[in-house]
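Data block below; observations after.
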Amino acid sequence: MEMHLVESINLEVKQRVQELRQLLQQASYAYYVLDSPIMEDAVYDQLYRELQQLETQYSELVTPDSPTQRVGEKPVTQFTSVRHNIPLYSLENAFNIDELKAWDQRWRRQVPNLETVEYVCELKIDGSALALTYENGTLTRGATRGDGVMGEEITQNVRTIRSVPLQLNSLPERVEVRGEAFLPLFVFKQINQERQKAGEGLFANPRNAAAGTLRQLDSRIVARRRLDFFAYTLHIPGRDDASIANTQWESLLLLEKMGFRVNPNHKLCCSLDEVAEYYEYWDTERLNLPYMTDGVVVKLNSFKLQEQLGFTQKFPRWAIALKYAAEEAPTRVENIAVNVGRTGALTPLAEMRPVQLAGTTVSRATLHNSDRITQLDIRIGDTVIVRKAGEIIPEVLRVLPELRPSDAKPFVMPTHCPVCGQPVVREMGEAVTRCVNASCPAILKGAIEHWVSRDALDIRGIGEKLVHQLVDKAVVHSVADLYNLTEDKLYELERMGKKLAQKLVEAIALSKNQPWSRVLYGLGIRHVGSVNAQLLTEKFPTVEQLAETSQAKIETVYGIGAEIAQSVYQWFRIDANQILISRLQEAGLQLAGTEEVPAVDAKNQQFAGKTFVITGTLPTLKRDEAKALIQKAGGKVTDSVSKKTDYLVVGEDAGSKLTKAQELEINLLSEAQLLVMLATDELVSEV
């Protein structure tokens with residue numbers, strides 16, 4: 001009789017727990033997803049406390065999908081790397097309607113005679129991508145994007161996001177949902193206010209704050225940060241998507257039915273003109289949104305068409321991110337400082353009142369040279385308009401003279417180096433003012449930083465701070481002195497342990513095996529980039545051959561122009577440089593030998609006979625990676641644009657090479673177009 005009573009009570013508890021969870025989940029869905037509360041806060045709190053008490057009393061009834069599990073658990077020691085079942089590809093970027101049209105033309109070449117096309121436009125939320133896995137309707141894994149193939153498993157943190165359902169309304173056996181976690185602007189503001197009161201550093205922008213929050217080892221902190229989530233992609237592994245949805249539009253509707261919050265501002269468009277209207281509308285209207293967005297994602301609606309087009313090495317061919325123009329903002333110039341680079345170039349920098357641009361805090365911007373300062377007529381105290389070119393490099397666009405204070409000070413380029421105090425020079429026909437003192441500490445620091453960089457000698461562990469110590473304490477006076485460093489000498493430096501000193505000496509010794517082309521590039525000869533260095537070392541297999549040849553013969557090397565040839569020739573005529581070469585030879589560096597060229601793919605020779613030049617910063621590829629891909633496909637890469645150049649691969653902050661290529665009507669390629677060509681064996685005749 002007593003046993004029967006216990007079983008009866010347990011059954012009633014189980015039913016009540018299930019009832020409470022259902023009520024609370026419905027209330028959370030209405031509040032956080034639909035923005036339409038169905039329950040008073042006080043009632044929700046009362047039901048929540050009742051559930052909490054029952055789960056405390058009957059701990060065996062606690063499940064991962066219970067609303068009480070959103071509050072966070074005890075901290076973990078580290079995150080586990082996990083492989084995505086389906087890669088999280090990044091998107092190719094377009095920055096205007098013309099680039100959108102170019103993308104549209106590219107994918108249409110693969111699907112000729114296609115009459116009707118639908119596009120789905122969605123706002124590009126500025127947050128962190130997440131991949132969520134549900135099994136039998138229950139959230140079992142949440143992972144960060146990572147590199148697209150491997151991410152970090154952060155399920156404990158994802159459970160704290162109230163707009164992420166712990167249990168789905170419909171129950172496929174397994175489903176993967178992709179979406180964006182973000183911080184609403186009002187939450188971001190509150191977090192920074194709290195951090196300021198606590199004397200903690202402020203987050204620069206909501207995107208960084210969201211990313212940092214997701215990687216908190218203590219999920220209780222994540223719960224307090226109140227992240228939000230929009231779902232935008234649905235995958236059912238091992239099952240034809242067409243069985244549940246034939247289009248992206250249908251999948252968004254299905255995500256809503258399953259209990260996810262989907263951004264309400266998506267639109268189904270039947271033409272590029274409609275896409276353009278959507279893009280232009282949100283260019284200004286996005287400023288009224290309670291979260292940050294930096295563009296529009298355009299997807300082909302048909303899943304069948306998406307499958308037919310597939311992917312490049314980096315991007316889906318059926319989608320593109322149409323970004324908005326770089327942000328501009330006014331700020332005040334508080335000072336103009338001068339930086340001295342490794343070539344001795346004096347670069348004026350505007351030091352400004354901090355301002356938010358494209359999601360980051362900007363307080364300095366390059367002014368390039370004295371000609372640019374004259375052109376801008378910029379003065380200390382001026383109010384200026386600043387933007388981030390390509391959302392990367394801050395630059396001063398213009399001065400607002402109507403706001404100039406009466407005590408604004410004109411800037412004059414110094415006549416002496418601000419570092420070493422020696423006179424500076426500006427050669428005829430050049431815009432740059434230079435320090436020509438070879439012993440200038442700034443030049444030496446820059447030379448060493450360049451020498452140890454990844455594309456040069458690649459000496460791991462020697463960074464800017466250590467270089468400054470080595471020069472300031474007169475431990476090294478040239479790059480050759482690096483090879484005389486011992487563990488004892490290094491151990492005398494600040495914050496230098498014996499183990500680190502040993503590793504640095506080993507890394508320096510290892511750099512002696514780097515090929516002749518890297519050594520030549522590492523010397524920092526003006527105008528000689530890594531590509532030019534390889535061209536020169538292929539023609540002149542030893543340093544003696546290059547040092548003793550004439551300027552005219554250097555100029556005959558394909559891809560080497562008169563300016564580069566003159567710079568190389570003159571460099572080897574300087575006594576101090578000849579001494580440096582001798583010391584490097586004595587140290588055992590490779591100043592001779594044939595250079596390794598990436599293996600050519602015999603089946604993939606679409607670039608045979610074609611010459612490429614790369615300029616600017618590419619979105620995902622490093623320059624040497626792009627170069628290797630081109631060479632593997634039979635192409636040649638040079639540093640100079642000429643009539644013999646077939647393609648210019650253009651990244652952000654492209655300079656004079658782009659101007660010259662446009663004058664010569666040379667084909668221009670984005671990184672995405674280059675990858676498409678590599679993947680499809682298709683050469684672009686017009687871009």
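Here the condition is being part of a strand (DSSP E or B) and either touching a helix residue (DSSP H, G or I) at 6+ places or on another chain (Cβ under 6 Å) or surrounded by 13 or more Cβ atoms within 10 Å (Cβ to Cβ) (or both); of VAL419, VAL424, it holds for VAL424 alone.
Screening region 483-540 for residues that are of a type in the set (Gly, Ala, Ser) and closer than 19 Å to VAL467 by Cα and picking the one that is surrounded by the fewest Cβ atoms within 10 Å (Cβ to Cβ) gives GLY497.
Of all residues in region 145-157, those that are in contact with a helix residue (DSSP H, G or I) (Cβ under 8 Å, 6 or more places away or on another chain) and of a type in the set (Val, Ile, Thr) total 1. Would you say GLU55 is crowded, with 17+ Cβ neighbours inside 10 Å, modelled with pLDDT of 70 or more and acidic (Asp, Glu)? Against the criterion (crowded, with 17+ Cβ neighbours inside 10 Å, modelled with pLDDT of 70 or more and acidic (Asp, Glu)), GLU55 qualifies. Looking only at residues of region 260-273 that are within 19 Å of GLU250 (Cβ to Cβ) and outside any loop (DSSP other than H, G, I, E, B), we find that the one that is least open to solvent (accessible area, probe 1.4 Å) is CYS269. Considering only residues in region 304-354 that are among the β-branched types (Val, Ile, Thr) and open to solvent by 20 Å² or more (accessible area, probe 1.4 Å), the one that is farthest from ALA102 (Cα to Cα) turns out to be VAL338.
A quick yes/no check of all residues on (1) buried (at least 18 other Cβ atoms within 10 Å of the Cβ); (2) over 16 Å from VAL177 (Cα atoms); (3) in contact with a Lys or Arg (Cβ under 6 Å, 6 or more places away or on another chain):
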| site | (1), (2), (3) |
| --- | --- |
| TRP103 | yes, yes, no |
| ARG106 | yes, yes, no |
| VAL111 | no, yes, no |
| ASP126 | yes, yes, yes |
| ALA129 | yes, no, yes |
| LEU132 | yes, no, no |
| GLY137 | yes, no, no |
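So which residues in region 132-190 are assigned to a strand (DSSP E or B), under 25 Å from the mean Cα position of the chain (by Cα) and within 17 Å of SER66 (Cβ to Cβ), if there are any at all? Within region 132-190, GLY142 is the sole residue that qualifies. For beta carbons closer than 6 Å, sequence separation of 6+ or different chains, a first residue in region 205-230 that is hydroxyl-bearing (Ser, Thr, Tyr) and a second that is open to solvent by 30 Å² or more (accessible area, probe 1.4 Å) and outside any helix (DSSP H, G or I), the qualifying pairs are SER219/GLU73. Of ILE443, ILE459, all but one fail to be in contact (Cβ under 8 Å) with a residue 12 or more places away in the chain, among the hydrophobic types (A, V, I, L, M, F, W, C) and touching a helix residue (DSSP H, G or I) at 6+ places or on another chain (Cβ under 6 Å); the exception is ILE459. Take the residues in region 361-397 that are open to solvent by 20 Å² or more (accessible area, probe 1.4 Å) and acidic (Asp, Glu); name whichever of them is modelled with the lowest pLDDT. Among those that are open to solvent by 20 Å² or more (accessible area, probe 1.4 Å) and acidic (Asp, Glu), it is GLU391.
Within region 404-412, none of the residues are closer than 24 Å to ARG526 by Cβ, in contact with a Gly (Cβ under 9 Å, 6 or more places away or on another chain) and part of a loop (DSSP other than H, G, I, E, B). The criterion of being open to solvent by 30 Å² or more (accessible area, probe 1.4 Å), within 21 Å of the chain's Cα centre (by Cα), touching a residue at least 12 places away in the same chain (Cβ under 8 Å) and farther than 18 Å from VAL676 by Cα does not hold for SER90.
How about region 543-555: which of its residues are open to solvent by 40 Å² or more (accessible area, probe 1.4 Å) and at pLDDT 90 or above? Across region 543-555, the qualifying residues are GLU544, GLN545, GLU548, SER550, GLN551, ALA552, LYS553. Pairs meeting the criteria (first residue in region 540-564 and touching a residue at least 12 places away in the same chain (Cβ under 8 Å), second residue aromatic (Phe, Trp, Tyr) and open to solvent by 30 Å² or more (accessible area, probe 1.4 Å), beta carbons under 7 Å, at least 6 apart or on different chains) are GLN551/TYR569; ILE554/TYR569. Here is the figure for region 619-651: residues that are buried (at least 16 other Cβ atoms within 10 Å of the Cβ) and without any contact (Cβ under 8 Å) to a residue 12 or more places away in the chain total 0.
ASN169 meets the conditions (1) under 25 Å from PRO264 (Cα atoms); (2) open to solvent by less than 20 Å² (accessible area, probe 1.4 Å) in every case but one. The failed one is (2).
The values are calculated or read from the model by the stated rules, or taken from the named source; none is laboratory data. Since the structure is predicted, the reported quantities are computational estimates derived from the model, not experimental observations. Neighbour counts are summed over all protein chains in view; Cβ atoms, including those assigned to glycine, are modelled from backbone coordinates with ideal geometry. Accessible surface areas use protein heavy atoms only, side chains included; no ligands, DNA or RNA. Shrake-Rupley method; radii C 1.70, N 1.55, O 1.52, S 1.80 Å.
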